[in-house]
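The values are calculated or read from the model by the stated rules, or taken from the named source; none is laboratory data. Everything quoted here is computed from the prediction, not taken from an experiment. Neighbour counts run over all protein chains shown; Cβ positions are idealised from the backbone, glycine included. What goes into the accessible areas is simple: the full protein's heavy atoms, side chains included, and nothing from ligands, DNA or RNA. Shrake-Rupley method; radii C 1.70, N 1.55, O 1.52, S 1.80 Å.
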Amino acid sequence: MIETFSRKVATLSGAALLAAGAVLTPLGASADNHGGSEMPGKAIAFDRGKGNCLACHHIEGGQSPGNIGPPLVAMKARYPERAKLHAQIYDATTINPESAMPPFGKHYVLSPEELDLVVDYVWTL
Amino acid sequence: MSKKILIAAALAVAVGLPAGAMATPEEDRIQFRNHFQDRFSEVPLEEYPNGVYAIDPVGRENWEAIEEFPPYEPFIDTGRDMWEKPFANGKTYADCFPDGPGIAHKYPHWDKDKGMVMTLPLALNNCREANSEEPLKYKKGPINDLLSYIAFESRGEVTNVVVPEDDPRALAAYEDGKKFYYTRRGQLNFSCAHCHVQNGGLVLRTETLSPSLGHTTHFPVYRSKWGTVGTLHRRFTGCNKQVRAKPFEAHGEEYRNLEYFLTYMSNGLELNGPGARK
């Protein structure tokens, strides 16, 4: 439940990384790699101690998602500009001041590198 | 002054209060209640003291099964013994609280002499100290037994917090608690209202967020996750921590004022403690 945001994640994140590793495919994220399961950003997005995007968003392949935010689907069609997507995840309150979505970049919930990887991944959804 | 108005205006936007003059506590309370009654139009007002189970039929089934053998019962019994057992000086809690033990509905209240919000746990500890007993810890342990007994004996009483008009410090304490409730905190940047007003009824991971109306009626609460009974301020602490904010001191000024505001919002709702939650 709401350990969603707590940090008893050492083992969980390990598990998440392993899971991602298990489905790692040899080469490359082509744009139509739907779900992007081989992308490192996915593990970060799913990790309860990192992105924990599933706390609020349905994401294909993710277990027991919340529904506070909209499902993350058709992202490229809706965000032709990657920078806009980056801005939403960096600090959602610049777009909606009342947003409940944590400012992952601005508050260093994710490092700049992690944030980039998450944006790469989410863009494939 | 202008800063205060700005804050009031920001709050007004957040909960959809009418902008303009600062709302009175009574206006706040009606807005607050209407927000939930509009949102969950099928839920009768008297259901709100049941927390998330007022709006989550699946969780409710489980909860009703749990309530058949209430996990908080042993705590009530222990608390009764505590209430009745004389202090070393021969006095008892009843000497401090002649109307006791069913006194939960009298708290929190504005204590004019002390110039502060008086909460029940604080009053219990004041009584102990006046009788040369060590104060109890506020979040875990025996205070929960005593509070369980008092809550049980107070069942059916009605929440009725007063912000007296003859002491501007009381309104200031209320406003302070209100501001706390709507202020973003922690690395994850949530206010209490984000989870329990704006998103009440939605699902955070696997947890349905309870509406804040009725939040104070049933404490202390037995939580399966805790495996025991815990106080309201323990819950505040947990909710602060999950957004990676530093919690405040239990029964310090911030949480006392928060309790004052939050309990006022539930005025008119019946007390039904101790409660049980997952």
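A few remarks follow.
- Evaluated at q = 0.21 Å⁻¹: base-10 log I(q)/I(0), Debye formula over Cα of region A:37-125: -1.04
- With 0.36 nm allotted per residue and the present C-alpha distance subtracted, the B:E61-B:D38 stretch has 5.8 nm of extension available.
- Within the accessible area of chain B (1.4 Å probe), percent carbon and sulfur: 53 percent
- For chain B, the solvent-accessible area with a 1.4 angstrom probe is 46 square angstrom per residue.
- Where A meets B: accessible area buried, both sides, 1.4 Å probe, Å²: 2400 Å²
- Spatial separation of Cα centroids for region B:173-243 and region A:51-83, in angstrom: 25 Å
- Computed on the Cα trace of region B:74-153, the radius of gyration divided by the Kirkwood hydrodynamic radius gives Rg/Rh = 0.94.
- For A:I68, the solvent-accessible surface computed with a 1.4 Å probe is close to 40 Å², ligands and nucleic acids excluded.
- Label zone at B:K85, where the point sits 7 Å out along the Cα-to-Cβ direction: region B:130-157 residues whose backbone N lies under 20 Å: B:130-153
- Accessible area in the full protein assembly, largest first, 1.4 Å probe, for B:T92, B:T119, B:T183: B:T183, B:T92, B:T119
- Sulfur and carbon atoms: percent of accessible area, region A:34-124 [1.4 Å]: 60 percent
- In angstrom, the C-alpha Rg and Dmax of chain B are 18.6, 56.
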